[in-house]
Amino acid sequence: MKAGTGIKLVDLDPRGVDRNFRAEVLAGLSQPRKAIPARWLYDDAGSELFEKITRLPEYYPTRAETQILEARAAEFARLIGPGQAVVEFGSGSSLKTPLLLAAITPAAYVPLDISGDFLRAAAADLAAKFPGMPVHPVEADFTKRVHLPDEVDSLPKLGFFPGSTIGNLVPRTAIDLLRSMKETLGKGSLLLIGIDLIKDIAVLEAAYDDAAGVTAEFNLNLARRVNRELDGNIPVERFRHQARWNDTFARIEMHLVAQGDLAFEVSGQDFSMKDGETIHTENSHKFTRRSQNTLLLAGGWTPRQRWLDEEERYSLILAEATAPRDAP
Ligand code: AVI
């Protein structure tokens, strides 16, 4: 991290491979229960597959969230008001972000993303769609406090974190992230956050194991990426994608399941797996109204308004940064 800027410099080895990727894959595969952090699913191929997932008939979150953004524009305008600096955590979706910006007439838009390429492309797209609205992209790791551009210092702030990406984090990390967002945005700021809901298990499992096999490809691409970038020889064709509901932790888990006993190498290290053993690749937590409130309050945000889509599958919540209060 470059001191004080909130900008994370990626640490590449001489072949241009991110050293953190190698370290996290080797550590994750060496554990008794093998796992690779979900953030590594998103190389170029993975990001393209995720875009396809958002259009699948089984994957309801994107459509449900877009429907809320379309249907509730007048309420956003009333509750949020004009003149905000909209700070988007992530480089923005070409569909959802314009819906929000058109609804509330902001004074500036500040997308934050660790990937400079995505960020610049998304910022240019938004600037073209909203001529006259200042756009200040910031290349930063927003899991830590980010120093926002001086130009938006005096403006009220609205954080935007759609997509239920918060659900990909385990509760401790999710709360750390919410607290960092509050530090980035400051006292009195607002946060509009998408959070997915617990529902029929069959619906959830289908959303993460679609009939066309796109999510399976998305998951298997992680093993292919390891082979490509880390000198691996994982026999990808001997793994099966699995999406399973874990009721104890209220989450869908993605796993790569070994079909038969197998062995492989990654970066010169040997690994073996028994038939049925898995590599855990993603969690997607789902919530009730109460567990959403608990999460947000633990992260320093007081929920003020909650909207559901027509089929009540998904929610968008407006919360306010509140001072810590321990006494009842
Ligand atoms: C990015 N994130 C919110 C998606 C989700 O629903 O958890 C990632 C995803 N994984 C499989 N399908 C979609």
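The values are calculated or read from the model by the stated rules, or taken from the named source; none is laboratory data. Only a predicted model underlies this, so the values are computations on that prediction, with no experimental measurement involved. Don't worry about glycine lacking a Cβ; one is built from the backbone with ideal geometry, like all the others, and counts go over all protein chains shown. Heavy atoms of the whole protein, side chains included, go into the accessibility calculation; ligands, DNA and RNA do not. Shrake-Rupley method; radii C 1.70, N 1.55, O 1.52, S 1.80 Å.
Below are the figures for this structure:
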| item | result |
| --- | --- |
| Residues of the range 169-183 satisfying the condition of being closer than 24 Å to Leu99 by Cα and open to solvent by 10 Å² or more (accessible area, probe 1.4 Å) | Lys182 |
| Any chance Leu295 is within 16 Å of the ligand (Cβ to nearest atom), at pLDDT 95 or above, assigned to a strand (DSSP E or B) and farther than 30 Å from Ala223 by Cβ | no |
| Residues (among the small types (Gly, Ala, Ser) and either open to solvent by 50 Å² or more (accessible area, probe 1.4 Å) or not in a strand (DSSP E or B) (or both)) located in the range 188-203 | Gly188, Ser189, Ala202 |
| Any chance Gly213 is within 15 Å of the ligand (Cβ to nearest atom), surrounded by fewer than 18 Cβ atoms within 10 Å (Cβ to Cβ), without any contact (Cβ under 8 Å) to a residue 60 or more places away in the chain and over 26 Å from Thr322 (Cβ atoms) | yes |
| Ala206 vs. criteria within 12 Å of the ligand (Cβ to nearest atom), surrounded by 17 or more Cβ atoms within 10 Å (Cβ to Cβ), part of a helix (DSSP H, G or I) and over 19 Å from the mean Cα position of the chain (by Cα) | yes |
| Hits in the range 36-66 (condition: over 19 Å from Phe118 (Cβ atoms), within 11 Å of the ligand (Cβ to nearest atom) and either among the aliphatic types (A, V, I, L, M) or open to solvent by 100 Å² or more (accessible area, probe 1.4 Å) (or both)) | Leu56 |
| Given (1) of a type outside the set (Gly, Ala, Ser); (2) within 13 Å of the ligand (Cβ to nearest atom); (3) assigned to a loop (DSSP other than H, G, I, E, B), number of the condition Asp231 does not satisfy | (2) |
| In the range 157-187, the residues that are touching a strand residue (DSSP E or B) at 6+ places or on another chain (Cβ under 7 Å) and part of a loop (DSSP other than H, G, I, E, B) | Pro162, Gly163, Ser164, Val170, Gly186, Lys187 |
